[in-house]
Ligand code: ADP
Ligand code: MG
């Protein structure tokens, strides 16, 4: 703490020690917050206590409080960045307690909030989407009503269907998922958005890789999962049955809400899932996956213009 050290140094070097001491004491005791504190604790504070605590009081008046001397958290000028002092009486002296300053509290909240939304392969701007920014035009009216319904009824462990949002390219399906994730974060609910085609591509390339197991595990267990663009991937029967199938199975059993978006309606997706990469037709297995999706999510069509152009 430079100012105090400097002042103390000049106190001891200076021949006018007493004069400087009185000057600092005067400055400290005339500081409005110090005055208030002393007034409010008149019955406990003696002049002895004040003399003994002068260094602390001097530290106090030189620190920024309620962020009044700082532009930002990064440029916080306090001894402990992000913490501001409060006066308190400890034994027979006045001491300082450092608490988080308003900017630090806000910053910590934001970090916590951001950590509630995880994503894999989703563009960053989507994660800024909010329900408030959505105009509720006709093409989306149904979806917005259902989403509101979900958000007001969500409770951990309660069986609640997610949504299967389908519609053509660019109508805003992924954007809606981003808005749901943000709304959930506001309620302190963790969620994860996964862009399915890229997830599957990565799975294919990393069969031996242990990290993929922890990714699959995270997808399985996150409180609210959003699988974006299912049906746009090329899926092997292994991915369909062993990966997707087991993720969905787990989420059904644990009552973990799951959202999907797709260009296909249920029928179209079932068809897509019947033809795996090798071109084999596997209707029964596709039907089994569809059953799980239908159990987990209610279909809602999104209509409207392509917002990409
Ligand atoms: P989809 O997933 O249906 O193909 P997107 O969600 O990616 O469509 O939306 C297409 C583009 O339009 C994106 O750039 C997205 O940010 C933007 N967009 C979608 N919905 C909205 C909205 N309600 N307000 C503002 N921008 C939107
Ligand atoms: Mg999309």
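Here residue 180 fits the description: at pLDDT 90 or above, within 16 Å of ligand 2 (Cβ to nearest atom), in a helix (DSSP H, G or I) and within 23 Å of residue 294 (Cβ to Cβ). Pairing each residue of the range 171-183 that is within 12 Å of residue 116 (Cβ to Cβ) with any residue that is part of a helix (DSSP H, G or I) and more than 8 Å from ligand 2 (Cβ to nearest atom), provided the two are 6+ apart or on different chains, yields C-beta distances under 6 Å for 183/131; 183/151.
Among residues of the range 139-150 being crowded, with 22+ Cβ neighbours inside 10 Å and at pLDDT 90 or above, the one that is nearest to ligand 2 (Cβ to nearest atom) is 143.
Could you tell me whether any residue of the range 151-162 is farther than 30 Å from residue 41 by Cα, within 13 Å of ligand 1 (Cβ to nearest atom) and surrounded by 14 or more Cβ atoms within 10 Å (Cβ to Cβ)? There is no residue in the range 151-162 that is farther than 30 Å from residue 41 by Cα, within 13 Å of ligand 1 (Cβ to nearest atom) and surrounded by 14 or more Cβ atoms within 10 Å (Cβ to Cβ). The residue list 114, 56, 104 contains one member that is within 30 Å of residue 223 (Cα to Cα) and surrounded by 13 or more Cβ atoms within 10 Å (Cβ to Cβ), which is 104.
The values are calculated or read from the model by the stated rules, or taken from the named source; none is laboratory data. No experiment lies behind these values; they were computed from the predicted model shown. Every residue, glycine among them, receives a Cβ derived from its backbone with ideal geometry; neighbour counts consider all protein chains shown.
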